[in-house]
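Reviewing the structure listed below.
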Amino acid sequence: MEKTETRKLAEEYMLLGGTRQVMIDDNKTFIRQYENEPDEAERFWQERIASLEQARREDVEFFLPSVNSDEAN
């Protein structure tokens, strides 16, 4: 049930034009942001995602586009 909620948060963030990507290494997630993003997406991230406890925030990050898959292309 929690995964569904965290996935929805990630999807809503991306719909707002969010540009953060996740890099997964040794089962740890790292966020990369290479581009500026719309103010609305930044505000959503700060208010709805950054404030989550670490484990839930990492669950959201898992559903972001992956830096790892971009490097493969």
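The values are calculated or read from the model by the stated rules, or taken from the named source; none is laboratory data. Since we're looking at a predicted model, the values are computed, not measured. Reconstructed Cβ throughout: ideal geometry from the backbone, glycine too, with neighbour counts over all protein chains shown. Remember, those area values only see protein heavy atoms, side chains included, never the ligands or the DNA or RNA. Shrake-Rupley method; radii C 1.70, N 1.55, O 1.52, S 1.80 Å.
For this structure, a couple of remarks:
- Tally, over region 33-48, of residues that are within 20 Å of Asn68 (Cα to Cα) and of a type in the set (Phe, Trp, Tyr): 1
- Applying the condition of being open to solvent by 60 Å² or more (accessible area, probe 1.4 Å) and not hydrophobic (A, V, I, L, M, F, W, C) to region 53-68 and asking which residue is farthest from Thr4 (Cα to Cα) yields Asn68.
- Residue list for region 1-32, restricted to those being touching a Lys or Arg at 6+ places or on another chain (Cβ under 9 Å) and farther than 14 Å from Ser66 by Cβ: Glu2, Glu5, Thr6, Leu9, Glu12, Tyr13, Leu16
- Within region 1-52, tally of residues that are among the aromatic types (Phe, Trp, Tyr), outside any strand (DSSP E or B) and open to solvent by less than 90 Å² (accessible area, probe 1.4 Å): 3
- Given (1) among the polar types (S, T, N, Q); (2) at pLDDT below 90; (3) loosely packed, with under 11 Cβ neighbours inside 10 Å; (4) within 13 Å of the chain's Cα centre (by Cα), index of the condition Asn73 fails: (4)
- Residues of region 11-49 that are under 18 Å from Asp59 (Cα atoms) and in contact with a strand residue (DSSP E or B) (Cβ under 9 Å, 6 or more places away or on another chain): Arg20, Gln21, Val22, Met23, Ile24, Thr29, Phe30, Ile31, Arg32, Gln33.
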